[in-house]
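See below for the structure under consideration.
Each value in this text was obtained by applying a stated rule to the coordinates, not by laboratory testing. Source: prediction; values computed, not measured. Don't worry about glycine lacking a Cβ; one is built from the backbone with ideal geometry, like all the others, and counts go over all protein chains shown.
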Amino acid sequence: MEAQAAQIQKKLQIELDSFKATQKDYSKMVQQRQLLDGQLNENQNVLEEMNKLNEDKNNVYKLIGPILVKQSLTESKQNVSKRIDFISKELQKCNDRLVSIEKEQDKHRENLTKLQQQLSLLSAMK
Amino acid sequence: MSTISTTEQPQMQQIDLMKLNLQQLTQLKNQLDQELTIFQDSLQTLKMAKGKFGASKDALEQFKEGDSKKTTLIPLTGSMYVPGRIKDIDNVIIDIGTGYYVEKDRDSAKDYFKRKVDFVSEQIDKIEVLGFEKSQIRDAICEVMTIKIQQLKGSIPAQES
């Protein structure tokens, strides 16, 4: 009986640890999503601004290290669009990951309650 | 719009509030407090951004025809200046974000900053409305909590007698 209780206790601890790990993962992912969201927003604003520009009238420069390098408007637009695509994809990945972590969390939570029930059942039988 | 939305659907919210127990209410209040702090932070950031765009716009307004002949002091560091002249007064280079800079003439630069200020102001208004709604809900929750606590206090001596 004692051994059984100890075993459940041990399982409970393992389960709890992995639950905490998923929680950590989750908040990390949420942070990353926020970051990506911000970047996406910024890039969209830049693209919107570029769409208002005129190739002949406005020179576009890109900051590379400490210097400004002249670039063509079309190239810049393409570059920013590519970035937007990339960030959107990353964001999607992030969201998918969040959903799967949530599922994992639910599973752990379920296991935890089950183990707790077993433990209280055992102590009641004593 | 938001997860915990508001006064617009009172049937849902208000009945729910009375039905919740103290623990749930505290949880809800904490959540709202958290959201409110986030709103406060973003408001501050937005106001700062608005200030920056506004300052750039004001600086542009100062430019006049013929100013290219006058000398200005150009800051090299925060505390050291050298005299200089603005050679090209009609064009400025603007940071539009993510490392891209665009050369614009004065009028379209002014227009750019005006648009930015308007955009940020719009966002500020939106967040202010949302924040106001949330703080109203928070107040309602606090009220229900005091009622619940009073009920609890009242019920204990009643049980003893």
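Applying the Karplus relation 6.51 cos²θ - 1.76 cosθ + 1.60 with θ = phi - 60° to region B:26-34 yields 3J(HN,Hα) values of 4, 4, 4, 5, 4, 4, 5, 4, 4 Hz, where x marks Gly and Pro. When every Cα-Cα distance of chain A is counted in 5 angstrom steps from zero, the calculated P(r) takes the values 2, 9, 13, 12, 10, 8, 8, 6, 6, 6, 5, 4, 4, 3, 2, 1, 0, 0 percent.
All alpha carbon pair distances within the protein assembly as shown were sorted into 10 Å bins beginning at 0; the resulting P(r) in whole percents reads 5, 15, 20, 20, 15, 11, 7, 4, 1, 0. In percent, rounded to a whole number, the relative contact order of chain B is 31, using alpha-carbon pairs under 8 Å and six or more apart.
Short-range pairs are left out: with C-alpha atoms under 8 Å and at least six residues apart, the relative contact order of chain A is 43 percent. Within region B:46-101, all pairs of alpha-carbon atoms sorted by distance into 5 Å bins from zero give the percentages 4, 14, 17, 23, 24, 13, 4, 0. Semi-axes of the equivalent ellipsoid of chain B are 56, 17, 11 Å, computed as sqrt(5λ) over the eigenvalues of the C-alpha gyration tensor in descending order. Candidate cross-link partners of residue A:77 among the lysines, defined by an alpha-carbon separation under 16 Å and a same-chain spacing of 8 or more, comprise A:52, A:57, A:62. The H on the amide N of residue B:96, modeled in the peptide plane, is under 5 Å from the matching H of B:101, B:102, each at least 5 residues off or on a different chain. If only the Cβ of Lys and Arg carry +1 and only the Cβ of Asp and Glu carry -1, the dipole of chain A around its Cα centre is close to 300 debye.
Of the residues A:66, A:113, A:26, the one whose Cα sits farthest towards the positive end of the charge dipole of region A:2-125 is A:66 (charges of +1 on Lys and Arg Cβ, -1 on Asp and Glu Cβ, taken about the Cα centre).
Dividing the helix sum by the residues of chain B, where each DSSP H run of 4 or more adds -39500 (n - 2.57), gives a mean residue ellipticity at 222 nm of -24000 deg cm²/dmol.
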